[in-house]
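Just below is one structure, and these are the notes that go with it.
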Amino acid sequence: MTQPTVRSALFVPASRPERIAKALASGADRVIVDLEDAVEEAAKEQARDNLEAFLVAHPQVQLLVRVNAPGHWSHEADLALCQRHDAVRGILLPKAETVEHVQRAHATGKAIWPIIESARGLVALPQLAASAGVERLSFGSLDLGLDLNLRTGSEAAEQVLAQARYAVLLHSRAAGLAAPLDGVFPAIQDVEGLRRHTELARDMGFAGALCIHPSQVKVIHRALQPSAAELDWARRVVAGAEGGAGVFTLDGEMVDAPVILRAHATLARIAHDD
């Protein structure tokens, strides 16, 4: 089954309900209303009430909700809220570590996006990816780095995180899931850093990234676009293949079925909204 293309998923805190409509108008492919990290403990119930009021007032919207993690005192109430509203098309499940975590969330009838952000989650990846109701995986690099005691920003930390990203990508593909989303880039003003971060995720096979500010959406989308040279190459490959030749040469290199498929995939990355 063809999975929807999702390049960007924008978080907006449920403690700031006036920002939800703005997030939905930001151009992000998905909007995630956050009940977890962006909401302080004392404000959890009010944040959930805010989201409930928004969903009652705007039943036509489509959004995702990041609930509080399994074991948190607010987790069950968060899931119940999601189950009550058709406007919630999916649940972002933090600290996903067991099949039971996923099954409980999927009992709401919603698609589940587990966040892989702990050592236990990495170890359980094959089972999590194969769990019923899982639509795609997302990668929580910041929390995983904390859990593994990595030194943020160091070359050693990036090597470990690259291996974790590979595992997320591998098990997404093996389970037939939509391509995963990379974690957030926390430096909102660092546009060049976000571009490089997104291009790395793109080149590793990720569909895109989670983001925390509307200004990051267009940067992510543009970083995922193929270059002019890539598009020219892909169009010439497809044109050559349409001539009926199964194998031919282009620019001195052999073109066969896998190369033709890569050309079609490159053209499929063209967006028309940026």
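Could you please find all residues in the stretch 125-149 being surrounded by fewer than 18 Cβ atoms within 10 Å (Cβ to Cβ), over 15 Å from the mean Cα position of the chain (by Cα) and hydrophobic (A, V, I, L, M, F, W, C)?
The answer is ALA130, ALA132, LEU146, LEU148.
Residue under question is ARG262, and the condition is that it be of a type in the set (Lys, Arg), modelled with pLDDT of 85 or more and part of a helix (DSSP H, G or I); does it hold? Explain how you work it out, then say what you get.
Numbers: of a type in the set (Lys, Arg): yes; modelled with pLDDT of 85 or more: no; part of a helix (DSSP H, G or I): yes.
Considered against the rule, which asks whether it is of a type in the set (Lys, Arg), modelled with pLDDT of 85 or more and part of a helix (DSSP H, G or I), ARG262 comes out as no.
Criterion first (modelled with pLDDT of 95 or more, closer than 26 Å to PHE185 by Cβ, surrounded by 13 or more Cβ atoms within 10 Å (Cβ to Cβ) and of a type in the set (D, E, K, R)) does GLU117 satisfy it?
Working: modelled with pLDDT of 95 or more: yes; closer than 26 Å to PHE185 by Cβ: yes; surrounded by 13 or more Cβ atoms within 10 Å (Cβ to Cβ): yes; of a type in the set (D, E, K, R): yes.
Yes.
Assuming ARG30 fulfils every condition listed in (1) among the basic types (Lys, Arg); (2) out of contact with any helix residue (DSSP H, G or I) (no Cβ under 7 Å at 6 or more places or on another chain); (3) more than 26 Å from GLY205 (Cα to Cα) apart from one, which condition is it?
(3)
To keep it simple, each residue is scored yes or no on (1) polar (S, T, N, Q); (2) over 17 Å from PHE11 (Cβ atoms); (3) part of a loop (DSSP other than H, G, I, E, B).
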site: PHE185; (1), (2), (3): no, no, yes
site: ARG195; (1), (2), (3): no, yes, no
site: GLY205; (1), (2), (3): no, yes, yes
site: ARG222; (1), (2), (3): no, yes, no
site: ARG235; (1), (2), (3): no, yes, no
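Quick check: anything in the stretch 222-230 free of Cβ contacts under 8 Å to residues at least 40 places away in the same chain, surrounded by fewer than 19 Cβ atoms within 10 Å (Cβ to Cβ), out of contact with any Ser or Thr (no Cβ under 7 Å at 6 or more places or on another chain) and of a type outside the set (A, V, I, L, M)? Quick ask: steps written out before the conclusion?
We begin by selecting, within the stretch 222-230, every residue free of Cβ contacts under 8 Å to residues at least 40 places away in the same chain; these are 223, 227-230.
If we keep only those that are surrounded by fewer than 19 Cβ atoms within 10 Å (Cβ to Cβ) as well, we get 227-230.
Of the ones still in play, those that are also out of contact with any Ser or Thr (no Cβ under 7 Å at 6 or more places or on another chain) are 227-229.
Subsequent filtering for residues that are of a type outside the set (A, V, I, L, M) retains 227.
Taking every residue of the stretch 222-230 in turn, at least one turns out to be free of Cβ contacts under 8 Å to residues at least 40 places away in the same chain, surrounded by fewer than 19 Cβ atoms within 10 Å (Cβ to Cβ), out of contact with any Ser or Thr (no Cβ under 7 Å at 6 or more places or on another chain) and of a type outside the set (A, V, I, L, M).
Taking the condition among the polar types (S, T, N, Q), part of a helix (DSSP H, G or I) and modelled with pLDDT of 95 or more, does GLN216 pass? Spell out how you get there, then give the answer.
Values: among the polar types (S, T, N, Q): yes; part of a helix (DSSP H, G or I): yes; modelled with pLDDT of 95 or more: yes.
For GLN216, the condition - among the polar types (S, T, N, Q), part of a helix (DSSP H, G or I) and modelled with pLDDT of 95 or more - is met.
In the stretch 42-53, how many residues are surrounded by 20 or more Cβ atoms within 10 Å (Cβ to Cβ) and closer than 15 Å to GLU18 by Cα? If you could, list the steps in order and put the result at the bottom.
From the stretch 42-53, those surrounded by 20 or more Cβ atoms within 10 Å (Cβ to Cβ) are 44, 47-48, 50-51; that's our starting set.
Next, from what is left, pick out any that are closer than 15 Å to GLU18 by Cα: 47-48, 50-51.
So the count comes out to 4.
Evaluate the stretch 149-159: report whether one residue or more is part of a helix (DSSP H, G or I), in contact with a helix residue (DSSP H, G or I) (Cβ under 7 Å, 6 or more places away or on another chain) and closer than 28 Å to SER215 by Cβ. If you could, list the steps in order and put the result at the bottom.
So the first thing to find is which residues in the stretch 149-159 are part of a helix (DSSP H, G or I), and the list is 155-159.
Checking the rest, the ones that are also in contact with a helix residue (DSSP H, G or I) (Cβ under 7 Å, 6 or more places away or on another chain) come to 157.
Those left that are additionally closer than 28 Å to SER215 by Cβ: 157.
Within the stretch 149-159 (the criterion being part of a helix (DSSP H, G or I), in contact with a helix residue (DSSP H, G or I) (Cβ under 7 Å, 6 or more places away or on another chain) and closer than 28 Å to SER215 by Cβ), the answer is yes, since at least one residue qualifies.
List the pairs whose first member sits in the stretch 173-194 and is under 14 Å from VAL217 (Cβ atoms), whose second member is surrounded by 14 or more Cβ atoms within 10 Å (Cβ to Cβ) and hydroxyl-bearing (Ser, Thr, Tyr), and whose Cβ atoms are under 7 Å apart, counting only residues at least 6 apart or on separate chains?
Listed by first residue and then by second, the contacts come to LEU181/SER138.
Is it true that some residue in the stretch 83-92 is of a type in the set (D, E, K, R) and on the phi > 0 side of the Ramachandran plot? I'd like the intermediate steps shown before the answer.
Taking the stretch 83-92 and keeping what is of a type in the set (D, E, K, R), we get 84, 86, 89.
With on the phi > 0 side of the Ramachandran plot added as a condition, the list becomes none.
Within the stretch 83-92, not a single residue is of a type in the set (D, E, K, R) and on the phi > 0 side of the Ramachandran plot.
Pairs please, first residue from the stretch 21-37 and without any contact (Cβ under 8 Å) to a residue 60 or more places away in the chain and closer than 23 Å to HIS75 by Cβ, second anywhere and among the small types (Gly, Ala, Ser) and assigned to a helix (DSSP H, G or I), Cβ atoms under 6 Å, 6+ apart in sequence or on different chains.
So the pair list comes out as VAL31/ALA23; LEU35/ALA47.
The values are calculated or read from the model by the stated rules, or taken from the named source; none is laboratory data. Note that the structure is predicted; figures quoted are calculated from it, not measured. Quick reminder, even Gly has a Cβ in these numbers, built from the backbone with ideal geometry, and neighbours come from all protein chains shown.
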